[in-house]
Amino acid sequence: AGPAAPAPTVPAQPAGPPLWTTLDAQSRVMLRPKVGVGVFITNPTHHPGAVLVGARSDSDSSLIWALPGGHLEYAEDWLTCAAREVQEQTGLTATNVRFATLDNSIETSHSYHYVVIFCICEVDSEPVNKEPNKIVHWQWAVWDSPEFDRMPLFAGLHNVRSAGYHPFKNNGQALPVLPPAGALSW
């Protein structure tokens, strides 16, 4: 047998009381984390080693790259959400949908806190941009390429990539090790 997986680590906490304890009750409710689902779409036959990313126009008109995904709806399971978001945004039918990794994305300066559940799936055709008001265009990006390293990424995708997650290792599933950023990796 191979080496044992490292034990999970807990991210370092800033000094002082947790930020949420300094908020009044209404602010605590308003600022509760949201749950998002991001999907690593792969096409092993036509785009080996690549994932589908969309160019989103940011508030300052710059482009930021993101995976297909969206909010987890009430009483919806992760895998159903992943398949639904893929269909709604790209017109693709996701197969072999499974858990990949997760991230606790926090940007307090923007009152942004999402727990992002990442799934991975396969497709066998090309995307259609079904949400041109959100996505400028879709493209396949090779995960291990220098070009991918230079792409400005949406927060959760940036976090899991920086933490070492790799969609083409271990069947696309991360082992439970928590680095300081809060993203699962190995």
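Structure notes:
- Condition met for Arg56 (more than 14 Å from Ala141 (Cα to Cα) and in contact (Cβ under 8 Å) with a residue 60 or more places away in the chain): yes
- Residue among Arg150, Arg161 that alone is at pLDDT 90 or above, under 21 Å from Ser62 (Cα atoms) and within 12 Å of the chain's Cα centre (by Cα): Arg161
- The single condition among (1) surrounded by fewer than 21 Cβ atoms within 10 Å (Cβ to Cβ); (2) more than 22 Å from Met151 (Cα to Cα); (3) not basic (Lys, Arg) that Pro132 does not satisfy is (2).
- Inter-residue pairs, beta-carbon under 9 Å, first touching a residue at least 24 places away in the same chain (Cβ under 8 Å) and in segment 141-156, second charged (D, E, K, R), 6+ apart: Ala141/Glu147; Trp143/Arg161; Pro152/Asp58; Leu153/Arg161; Phe154/Arg56; Ala155/Asp103; Ala155/Glu107; Gly156/Asp103
- Output for segment 86-107, where each listed residue is closer than 26 Å to Asn133 by Cα, open to solvent by 50 Å² or more (accessible area, probe 1.4 Å), free of Cβ contacts under 8 Å to residues at least 40 places away in the same chain and not β-branched (Val, Ile, Thr): Gln87
- The set of residues in segment 27-84 being over 21 Å from Ser125 (Cβ atoms) and of a type in the set (Val, Ile, Thr) consists of Val29, Val35, Val37, Ile64.
- Residue match in segment 83-103 (condition: modelled with pLDDT under 95 and farther than 24 Å from Gly49 by Cα): no
The values are calculated or read from the model by the stated rules, or taken from the named source; none is laboratory data. Keep in mind the model is a prediction, meaning the values are calculated, not measured. With ideal geometry, Cβ positions are generated from the backbone for all residues, glycine too; neighbour counts draw on all protein chains shown. What goes into the accessible areas is simple: the full protein's heavy atoms, side chains included, and nothing from ligands, DNA or RNA. Shrake-Rupley method; radii C 1.70, N 1.55, O 1.52, S 1.80 Å.
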